[in-house]
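Trainee: Before I ask anything, let me first share the structure, which is written out below as structure tokens.
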């Protein structure tokens, strides 16, 4: 139990370090002004402040990540925030599986924000560190339970082939009810929308194809490298405990 607590805490630190490095290392690579400069609460106008206050109560990245461009259209932003809120805290999909779905999309888009915010949440909800590590390495995780395998295959098929096969849908029906299938579909689409928003803003969660310049590629992978380093450290710690 103690080892699990240490693992979750350390994963949070490693992911945060990766996200911070990915954000900061990108700045010197270009002299261009950001398309949407980072806003603070003090800069929000009267239409934006109510949404900003709601965001600050729940966001692990403050007004950063998807919220920075979103808050510039406060009416739309409020609608999106309400959707985010449902899909995070009121969804019918069990938390572990919901967080797994978010990580799957985050890895597809190489989005550091998703990893920073959601890898610790997935681990805390009971998703195996080995599954997180294999997903990080762009592998189909091994040793998944059937509900985890269904989520992986359903979300991956939907987002990479734009359809769900009859075989995969039949498996999903054995694990989930209709509401859960709808909610799972929605969280996958919502995460893609967030990545679209950041890419349009030039913040880059990353697309499937590399963009120009090694510095851009590096910002996408540096957070993943931090997670990899931590996972290796965790494995060594676990080995020492077993040996003792």
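Trainee: Given the options 62, 52, name the one that is at positive phi, out of contact with any strand residue (DSSP E or B) (no Cβ under 8 Å at 6 or more places or on another chain) and surrounded by 14 or more Cβ atoms within 10 Å (Cβ to Cβ).
Mentor: Testing whether each residue is at positive phi, out of contact with any strand residue (DSSP E or B) (no Cβ under 8 Å at 6 or more places or on another chain) and surrounded by 14 or more Cβ atoms within 10 Å (Cβ to Cβ) leaves just 62.
Trainee: Looking at 61, 93 in this structure, which one is in contact with a helix residue (DSSP H, G or I) (Cβ under 9 Å, 6 or more places away or on another chain) and over 30 Å from residue 142 (Cβ atoms)?
Mentor: Testing whether each residue is in contact with a helix residue (DSSP H, G or I) (Cβ under 9 Å, 6 or more places away or on another chain) and over 30 Å from residue 142 (Cβ atoms) leaves just 61.
Trainee: Within the stretch 47-66, can one find any residue that is in a loop (DSSP other than H, G, I, E, B) and more than 19 Å from the chain's Cα centre (by Cα)?
Mentor: yes
Trainee: Which of the following residues is closer than 25 Å to residue 34 by Cα, modelled with pLDDT under 70 and out of contact with any strand residue (DSSP E or B) (no Cβ under 7 Å at 6 or more places or on another chain): 202, 206?
Mentor: Exactly one residue qualifies, and that residue is 206.
Trainee: Here is a list: 80, 103, 76. Which entry is crowded, with 19+ Cβ neighbours inside 10 Å, assigned to a helix (DSSP H, G or I) and either without any contact (Cβ under 8 Å) to a residue 24 or more places away in the chain or more than 16 Å from the chain's Cα centre (by Cα) (or both)?
Mentor: From the options 80, 103, 76, the qualifying one is 80.
Trainee: Also: Please find, among 105, 71, 13, the residue that is closer than 27 Å to residue 136 by Cβ and modelled with pLDDT of 50 or more.
Mentor: Within the list 105, 71, 13, the selection yields 105.
Trainee: Taking the condition of being at pLDDT 95 or above and outside any helix (DSSP H, G or I), how many residues in the stretch 143-162 meet it?
Mentor: Final tally of qualifying residues: 2.
Trainee: For the stretch 145-155, does any single residue satisfy the condition of being surrounded by 11 or more Cβ atoms within 10 Å (Cβ to Cβ) and under 27 Å from residue 69 (Cβ atoms)?
Mentor: Yes; the residues of the stretch 145-155 include at least one that is surrounded by 11 or more Cβ atoms within 10 Å (Cβ to Cβ) and under 27 Å from residue 69 (Cβ atoms).
Trainee: Under 7 Å between Cβ atoms, which residue pairs at least 6 apart in sequence (or on different chains) link something in the stretch 111-124 that is under 16 Å from residue 148 (Cα atoms) with a partner that is modelled with pLDDT under 75?
Mentor: Once the first residue is under 16 Å from residue 148 (Cα atoms) and sits in the stretch 111-124, its partners that are modelled with pLDDT under 75 give 119/11; 119/15; 119/227; 123/7; 123/8; 123/11; 124/8.
Trainee: Being part of a loop (DSSP other than H, G, I, E, B), surrounded by fewer than 19 Cβ atoms within 10 Å (Cβ to Cβ) and over 14 Å from the mean Cα position of the chain (by Cα) is the requirement here; does residue 140 meet it?
Mentor: Yes.
The values are calculated or read from the model by the stated rules, or taken from the named source; none is laboratory data. None of these values were measured; they are calculated from a predicted model. Glycine also receives a Cβ, built like all others from the backbone with ideal geometry; neighbour counts cover every protein chain displayed.
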